[in-house]
Amino acid sequence: MLKEISKIESSADLLHNASEIESAIDNMAEKINYLLNDRNPVFLCVLNGGVVIAGKLLTRLNFPLTFDSINASRFHNKTSGGEIQWIQKPETSLKDRTVLIVDDILDQGITLQAISNYCKEQGALSIYTAVLVDKKLAQKKPIIADFVGLEVENRYLFGYGLDYKGYLRNASGIYACLDSDL
């Protein structure tokens, strides 16, 4: 497996370097601070991919909030999605609360839509979504993110929380795999 990971990493295209990503996170935080500063939101990190953006965004928000996490996955360390598996649900009550769902990527939107629906079912007063990356697709998505750091082409990505088969989340940029490597 490590040979495969090494090959993927060495052949990938860098789409956004760390300074571009940090600037995008600053812009997201500015918009979130403006809109949610008096809402006392539940900041809901989507594990595992959302952990990097959540941590970086969290320190840029200057209002009271409650932090929690949720883990719903379609990929299960694979390169294509399947059915949603609910691994962890938040401990914080979402009833009558504003919720900010923070994730790494809005790809097809299936998982983010399911998490948003879960929050509605739990009685959330209002729901906002923030993603580091919004992937440009030809088809319409079932959900549109309220806060987006970067838009990227439709390629398989890794870095800054995005993974390749469970690896490379820690890459310090956003990279696209070569199609020939998948």
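Odds and ends about this structure:
- Answer from Ile143, Ile127 - the residue that is in contact (Cβ under 8 Å) with a residue 12 or more places away in the chain, surrounded by fewer than 21 Cβ atoms within 10 Å (Cβ to Cβ) and among the aliphatic types (A, V, I, L, M): Ile143
- Selection count where residues are in a helix (DSSP H, G or I) and in contact with a Gly (Cβ under 9 Å, 6 or more places away or on another chain), scope the stretch 84-116: 2
- Note on the stretch 95-104: among residues that are surrounded by fewer than 24 Cβ atoms within 10 Å (Cβ to Cβ) and either touching a strand residue (DSSP E or B) at 6+ places or on another chain (Cβ under 7 Å) or polar (S, T, N, Q) (or both), the one that is farthest from Lys135 (Cα to Cα) is Arg97.
- Residue within the stretch 93-109 that is free of Cβ contacts under 8 Å to residues at least 24 places away in the same chain, out of contact with any His (no Cβ under 9 Å at 6 or more places or on another chain) and under 20 Å from Asn40 (Cα atoms) present: no
- Pairs where the first residue, in the stretch 10-35, is free of Cβ contacts under 8 Å to residues at least 40 places away in the same chain and the second is among the aromatic types (Phe, Trp, Tyr), C-beta under 9 Å, 6+ apart: Ala29/Phe147; Asn33/Phe63
- Meets criteria (at pLDDT 95 or above and either closer than 20 Å to Lys135 by Cβ or surrounded by fewer than 17 Cβ atoms within 10 Å (Cβ to Cβ) (or both)) for Met1: no
- Test result for Ile25, surrounded by fewer than 19 Cβ atoms within 10 Å (Cβ to Cβ), of a type in the set (A, V, I, L, M) and in a helix (DSSP H, G or I): no
- Filter result for Gly55 (more than 18 Å from Ala176 (Cβ to Cβ), free of Cβ contacts under 8 Å to residues at least 24 places away in the same chain and not β-branched (Val, Ile, Thr)): yes
- Residue count for the stretch 125-174, restricted to those that are of a type in the set (A, V, I, L, M), in contact with a helix residue (DSSP H, G or I) (Cβ under 9 Å, 6 or more places away or on another chain) and assigned to a loop (DSSP other than H, G, I, E, B): 4.
The values are calculated or read from the model by the stated rules, or taken from the named source; none is laboratory data. Everything numeric here is computed off the predicted structure, so don't read it as measured data. Note that each Cβ is placed from the backbone with ideal geometry, even for glycine, and that neighbours are counted across all protein chains shown.
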